[in-house]
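Engineer: Questions regarding the structure given below will be posed in turn.
The values are calculated or read from the model by the stated rules, or taken from the named source; none is laboratory data. These numbers were taken from a predicted model, which means no experiment stands behind them. Cβ: placed from backbone, ideal geometry, glycine included. Neighbour counts: every protein chain shown. Surface areas here come from the heavy atoms of the whole protein model, side chains and all, with no ligands, DNA or RNA. Shrake-Rupley method; radii C 1.70, N 1.55, O 1.52, S 1.80 Å.
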Amino acid sequence: MAPFSKPETVLKQAEGLVSVGQTHAALQSLTEMFQSKRFRATPLAALEPIMLRFVELCVDMRKGRTAKEGLMQYKNIAQNTSVPSIEAVVSRFIALADAKVQAAADKAKEAALTDVDDLEAIETPESILLGAVSGDQSKDRTDRALVTPWLKFLWESYRTSLETLKNNARLETIYQQVAQQAFRFCLKHQRKVEFRRLCETLRLHLSNVAKYSHQLHAINLSDAETLQHHLDTRFAQLNTSVELELWQEAFRSVEDVHNLLTMAKKAPRPAMMANYYEKLTKIFLMSGNALYHAAAWGRYYAITTSIGGKSEEELSRLAGQVLVSALAVPVGLHGDEEESKSKSGRLAALLGLTKAPTRAGLLKDALSRDVLRLSPAPVKALYTLLEVSFDPLNLCASTAPLLDTLCAEGTGTPYAGYRTLLERALLSRLLSQLAQIYSTLTIRTLLALVAPLTGLAPEHVEAYIMGCARRGELAIRVDHAGETITFVDDAFTHAGDEGSAARENAVQPSGAELVRTRLGTLAATLHRSLAVLFPAPAAVDREAEQAEKFAVLVRAARAERAALQLRRSVVARRRELLSELSVRKEKEEASRRAESSRRERDEEARRAKADAVRKEMERARREVESIRSEEAKKLAQNLIKRGGLKVSVDDIEDLSTDSLMRLQVEQLEKEKKELHERLRIASKRIDHTERAYRKAERPLLAQDYADQQAGDRAAFEALQTARVEHARAAHALDMDTKRRLGRMVEDFKARRGAIAERKGVEFKKRLEEAQRKIEEEKAKRLQSVLQKREQERVRYEEEERARRMEEEEQARAEAEQLAAEEAEREKQREEEEKAAEKRREREAERAEAAEKARLQALRAEEAEKRAEERRAAARAAPASAAPVLAADAKWRKTSPANTTPSTPIRPPVAVTPPRVESPAPAAAAAPAKYRPGALGGAGGGGGWREREQLRKAGGAAAPPPRPSSPAVAPAPAREEPKKEDDGFQTVSEKKVWRPSRLQGRT
């Protein structure tokens, strides 16, 4: 390997080699530089021009593999420091290859034109022979010879660029750009095989993202911007596959888009989803899947209407497309019955549906979006015939003209591709309607009914019937011997979603319908029988009962509504709190992830920088040592070759650079002395020789000077003579020319005058035309100014009138507001008067209650006086008198044996007076508190102390009667607290109960 040179030197050397036609050597020199160990240490500012020249040479020589190796090495060097440099080199590489393809195509066109020798000849003998040998034409052969090699190289350059830029987050933008350029290349040149390979390559790169996720600059699909770049590329892939009519590849592209959409954290743009669903409609239409084609149109229409911006004509066209696609689905077709469950779930997931769609669901969704109103008139008529009317005998005859109108070829109608699907749907509708009327039908009659449909041959009808019977969509049996068709009415078949719609339009119930509704029919019959046997009660009672039930239901509904509103508010508040909490958590998690990733990047960058510095220092040290050793060896070898240095080969490695330099200086001094001596001897010899030459030439100098003067004079005289002759000839020629032109002066002046006169007339005409146009423009300008002023005046008057109307409206509103306030004040005065009246009534009621309480207190005082009189009479009675006991009194005896001087004899119990059930307390007395012994007679004689005094005095008076309940003085009539105007009232002093042992304490 050659020693390393500076990048500028290598580039100049390569340019020099290219200039002399040695492009292979120039490319080899640049390639050897890439293989050098010092290539990585070269600054990128010096490497980028070399790389640009390198890719130019690779493109000129079609060296794809060499270019790939160079681009890989340059990417490894520049990806950490200068990404734009890589983008510039790759873009230059692709642009040069594309320019070569264009130049080759232009050259092929020129070659095709120049190859034709005779334009009038239809065919040449050579073309006839070549046509007999092969079917290729001249242009095809020229393209294969000139264009195809460069096309192959351009395709290889795209693949090389994608392989170079893959799985690197910093190079993601240029990677997506190159991928989209490759899509345009495939579309421009109709390269279907290469497009499939390109799609597989992109899928492989995407699947390897997780594999290389541990690398420093790995692609992160969770990043919204990166995911959006991938989505844009996949949508470009989808559009290209649809334009190339590669429907399987388009379906795979749809799956790629769907997988990326499931990874996105936020919803994609509506315009992007509209493009997605539009491509799905084309894919499903080409595959013949009418059900999912109609579902895709429904989704596209929903997205388009939500975006807005469509004209009435475009909305009408879209609405007709949606309705026709839904009508084109056969009646008994179900998603789960047409494909397996896994496939139907996969297709439904591509459309964003939770379950497989149905024909009834698609029609219902379309009608809910007001599609029928916006659709064109022929589509409305088709919908009426297929879904509303019931006329199986004339169904095909009525629908055939509509199909011819809608699906006419070459008219630019969007329904041209639906004829086959609509005929199948029409046939399925016809069979379902015939099955409701007939049990057996001849094949000839069915074919006669289907005859208006030109696209349905008898074998197609029979194949469709057999397919429906095999899939279970129709319960039908064909008898080829009797040439009949039998509609089997199985009583135990299950009707699906389409069956429900068919039952609504059914003419008569089927056996399956009778079996399914037998319990309901029996219940309805029994209910009617009970209504006949046990008629309902009278209408008045029933109405009252119904009204009461209705009121109960209304109250329950209101309570349920209030509870539901409360639950909704609680749920909404919880949802808001949860959303806020989730958003806060996401923000915290995002900030935490960003902080951790930033710390990791900083740490990684710091480690990488430290490693790079350490490696650079180590490499520099090794290089310095190696350079010193190499220089020492070279210096020693040079000194040895010169012969002046006496150093053995074995001692070269032991000598240092300084010692070798010292030896070299000594050698140079020695050589310098020897050279100075040789120069002194040579100069002395030259001086003697020059002196001899000058001595010999001195006598010849005078003769040479005289000869030179004579020659110079002769040459001057000859030159002067020739100049004079030439001047005389030129003067004569000029005089002759003047005489010839003098005869033309008068004609020239006359011609110039005529031209000046004509131009003056034209100038006057143009000046008048310009003045006329200026006046017209002035008049127009004046008219426009006046018109504008008039418009300003009208606008000012309109604004003034609007302002006055607004002021009048505001004044009227203020008057209405004042009237409303006056009515409100009047209403308040009436309410205050009513409140005063109510207060007067309550005061009268309180006065009456107080009077009643006073009378009751008087009666209580009289009863108390009478009780006191009775107790006094009882005390005055003789002690020996036998006590008169009441009928319900009880005796208490004392034993005589126990009567001792120390044991006083307990007096007998007197007769208890009648019990006052509810004694009326005095009106003026305060409410008394209960105290033991306070219930005796006057003066409190009912206690044990009074009885002991009576015994010692010798009296045997009976103790006063003990009432059954204490006579408590009634509380005075409580006054009604006066209410204030503001609705509040004062509260009386709060009474707190306290036990007897705490009564004296405060």
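Engineer: So, with +1 on the Cβ of K and R and -1 on the Cβ of D and E, and no other charges, what is the size of the charge dipole of region 702-776 about its Cα centre, to the nearest 20 debye?
Structural biologist: The dipole of region 702-776 has a size of about 840 debye.
Engineer: Turning to a different aspect of this structure: What does the accessible area of F153 come to, in Å² to the nearest 10, when a probe of 1.4 Å is used?
Structural biologist: Spelled out: F153, probe radius 1.4 Å, area about 10 Å².
Engineer: For T721 and E837, compute 0.36 nm times the residue count separating them, minus their Cα-Cα distance, and round to one decimal in nm.
Structural biologist: Gain in length upon complete extension: 26.2 nm.
Engineer: So between L577 and E800, what do we pick up on full extension, going 0.36 nm a residue minus the alpha carbon distance?
Structural biologist: 75.1 nm
Engineer: Taking R0 as 45 Å, what FRET efficiency do you get between I627 and Q180 from their Cβ-Cβ distance, rounded to the nearest 0.05?
Structural biologist: 0.40
Engineer: From the phi angles alone, apply the Karplus equation (6.51, -1.76, 1.60; θ = phi - 60°) to region 245-250 and give each ³J(HN,Hα) in whole Hz, x where the residue is Gly or Pro.
Structural biologist: 6, 9, 6, 5, 5, 5
Engineer: Calculate the FRET efficiency for A850 and R555 from the Cβ-Cβ distance with a Förster distance of 41 Å, rounded to the nearest 0.05.
Structural biologist: In this case the efficiency is close to 0.40.
Engineer: Tell me, in nm to one decimal, what length is gained between A563 and D658 on full extension, where the rule is 0.36 nm per residue of separation less the Cα-Cα distance?
Structural biologist: Extra length from A563 to D658 when fully extended: 24.0 nm.
Engineer: Under the rule of at least 5 residues apart or a separate chain, name every residue whose amide H is placed under 5 Å from the amide H of T517.
Structural biologist: Placed amide hydrogens put nothing under 5 Å from T517.
Engineer: Still on this structure: List the residues, sorted by chain then number, that are 5 or more residues from T484 or on another chain and whose placed amide H is less than 5 Å from its amide H.
Structural biologist: I443, D479
Engineer: Under a crude label model (7 Å from the Cα following the beta-carbon direction), how far is E816 from R728 in nanometres?
Structural biologist: For E816 paired with R728, the spin-label model returns 12.4 nm.
Engineer: With a 1.4 Å probe and all protein chains kept in place, how do I94, I686, I437 rank by accessible area, largest first?
Structural biologist: I686, I437, I94
Engineer: Would you rank L514, L291, L362 by solvent-accessible area, highest first, keeping every protein chain in place and using a 1.4 Å probe?
Structural biologist: The ordering from most to least exposed comes out as L514, L362, L291.
Engineer: For region 684-691, in order, what is each residue's ³J(HN,Hα) by Karplus, 6.51 cos²θ - 1.76 cosθ + 1.60 with θ = phi - 60°, in whole Hz (x at glycine and Pro)?
Structural biologist: Karplus-based 3J(HN,Hα) across region 684-691 equals 5, 5, 5, 4, 4, 5, 5, 5 Hz.
Engineer: Something else now. With labels modelled as points extended 7 Å from the Cα through the Cβ direction, what inter-label distance (nm, one decimal) is found for A863 paired with V488?
Structural biologist: 10.1 nm
Engineer: How far apart, in nanometres, would the label points at N394 and S368 be if each is projected 7 angstrom from Cα along the Cα-to-Cβ direction?
Structural biologist: Computed distance between label sites N394 and S368 equals 3.5 nm.
Engineer: Given R₀ = 45 Å, FRET efficiency for D712-R739 by Cβ-Cβ distance, to 0.05?
Structural biologist: 0.60
Engineer: Provide K282, K75, K634 ordered by accessible surface of protein heavy atoms (probe 1.4 Å), highest first.
Structural biologist: Descending order: K634, K282, K75.
Engineer: Residue by residue, what Karplus-based ³J(HN,Hα) values in Hz, rounded to whole numbers, does region 851-867 have, using 6.51, -1.76 and 1.60 with θ = phi - 60° and x for Gly and Pro?
Structural biologist: 4, 5, 5, 5, 4, 5, 5, 4, 4, 5, 5, 4, 5, 5, 4, 5, 5
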